[in-house]
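Data first, discussion second: the structure below is written as structure tokens.
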Amino acid sequence: MSNKFTRYVSNVKSKYKLKYHITYYILIAFTLIFTVISLTGGMKRSSAFLLEQIGYSIILAVSLSLVVGFLGELSLGHAGFMCLGAYFAAYFQNALAPDFTKSLPLLSLIVAMLIGGLVAAIFGFIIGLPALRLKGDYLAIVTLAFGEIVKVIFENARAFGGAFGMKNAFRFDTDFLFIVIFLTAILTVAVVNNLIRSKHGRAITAIRDNEIAARAMGVNVSFYKITVFVLSAFLAGIGGALFAASSNSFSSKTFDYNYSINILVMVVLGGMGSINGSIIAATVITFLNVKLAATLTGNLAALKNLIYALILIGMVIYNNAPKLKDFRAKYNLRNLWSKLYAWLHKLFCKKKPVDDPAAEKADEGDWSKIPTKVEMDAILSTDLTPDTNYTPDKPDKPGKEKGGEQ
């Protein structure tokens, strides 16, 4: 037994790569830092509420990135799944088990998260089974309609508060809820990361790149589409349950079309198919929304959406402007992290890293880094018209050679 455990540990150490786990370390470090600040009484209530919003925004962005970024399907009904999770989780805590919620709030929150996630996953399966046979704009329209239908149903359901919204009598403690949300966000990132890096993740990205080729290679396209859609809905339902736990009251009007677009903006600005990018974009956009709403009050409140839109336009221009290509390549996070890692290694390690030729290395032959590549525009603009001015030489007469007659 000990030999098997030793072999397992050595196998994990040999395959361990820091770049695959740096996201977890950063999230855990931030969680620990803010936990210490909260326990020592140095955190304001507004800051704790901001951390709560950032936490469940990360969950929503990463879950939607599964469908949009890795599967390649456009879904505009993510707020609908969040709405289902929020309402059913709050209904469980307030109406079905109020004594349980009052005596064991943390355990009750965990159960409510599971209930909200399962309800959202069930509806995700029901909607995804016929909807994922569609593609492109048609799928976006169906998921958008689903989100609006869910909103209207809860607006008219008296059991859930109707148009006045759902009142939450058991708002979780502000000093500790952000810790639960960030731990859930770390678990969400771990689940999505491990899925994408597995053989199932390679099948999912193959469907995104070329569905016909993936089907020809034996990939069960329908199974993977439904699985990704259900998992994404489950995680969105958990995010909705955490949203309900951080609110004293809420209504279905919150989960409208604009909320789905806001989550989609996080995914697109962070980079399609980039989990780390979705985390950063969710953090930045949530911070901007909260700070603009708190700063621009009264008559200046009308400027909030204008300034927010201008900031988003600036971020899009920065990410896509051709003239900033060299600047982005030089000062991106990956290069900065490489320089920081080299500096830390030089500072704390006595020996220089040995280049082991047998060690597994990342492929540096990135097409974008090859200086001799030909741009597509240059290929398309190449003049391939044959030269008609060329006249071939006449053949020599028999009995003659170059240099004169024989």
Worksheet item: Tell me, what is the FRET efficiency for Lys4 and Asn194 to the nearest 0.05, using R0 = 25 angstrom and their Cβ-Cβ distance as r?
Response: 0.65
Response to the item:
Quick calc: nm separation of the 7 Å Cα→Cβ label points for Ala309 and Leu114 -> 4.5
Worksheet item: Carbon-plus-sulfur fraction of the accessible area of region 126-221, 1.4 Å probe, in percent?
Response: 64
Worksheet entry | Neighbour net charge for Gly201 - beta-carbon separation under 13 angstrom, K R +1, D E -1 | +3
Discussion item. If you count only protein heavy atoms with a 1.4 Å probe, what accessible area per residue comes out for region 34-141, rounded to a whole Å²?
Written reply: 42
Worksheet item: Looking at region 225-347, what % of the alpha carbon pairs are farther apart than 21 Å?
Response: 56
Worksheet item: Taking the highest mean first, how do the peptides 134-146, 228-240, 308-320, 85-97 order by number of other beta carbon atoms within 10 angstrom per residue?
Response: 228-240, 85-97, 134-146, 308-320
Discussion item. Quick check: the distance between the Cα centres of region 238-263 and region 198-217, to the nearest angstrom?
Written reply: 33
Worksheet, complete the sentence: Projected convex hull area of region 127-242, Cα atoms, direction-averaged, in nm², equals 9.3
Response to the item:
In this structure, among Lys102/Lys167; Lys253/Lys304; Lys44/Lys253; Lys291/Lys323; Lys199/Lys225, pairs with alpha-carbon gaps over 23 Å are Lys44/Lys253; Lys291/Lys323
Worksheet item: How high is the relative contact order of region 89-191, given as a whole-number percent (alpha carbon pairs under 8 Å, six or more residues apart)?
Response: 24
Worksheet entry | Cubic angstrom per residue, convex hull over Cα atoms of region 55-113 | 80
Practice prompt. Note the full-extension length gain between Ile141 and Ala302 as 0.36 nm times their separation in residues minus their Cα-Cα distance, in nm to one decimal.
Written response: 55.0 nm
Worksheet, complete the sentence: If R0 = 60 Å, then Leu104 and Asp393, at their Cβ-Cβ distance, give a FRET efficiency to the nearest 0.05 of 0.05
Response to the item:
Once all protein chains are kept in place, Asp99 shows an accessible area at probe 1.4 Å, nearest 10 Å², of 130
Practice prompt. Mind giving me the FRET efficiency for Asn319 and His21? R0 is 22 Å, r the Cβ-Cβ distance, nearest 0.05 is fine.
Written response: 0.25
Discussion item. Could you give the length gained by full extension between Asp256 and Lys346, i.e. 0.36 nm per residue of separation minus their alpha carbon distance, to one decimal place?
Written reply: 27.3 nm
Worksheet item: Taking the Cα centre of each part, how many Å lie between region 123-144 and region 24-82?
Response: 26
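The values are calculated or read from the model by the stated rules, or taken from the named source; none is laboratory data. Keep in mind that this is a model prediction, so the values were computed, not measured. Cβ atoms come from the backbone with ideal geometry, glycine included; neighbour counts cover every protein chain shown. Accessible surface is based on the protein model in full, side chains and every heavy atom, while ligands, DNA and RNA are left aside. Shrake-Rupley method; radii C 1.70, N 1.55, O 1.52, S 1.80 Å.
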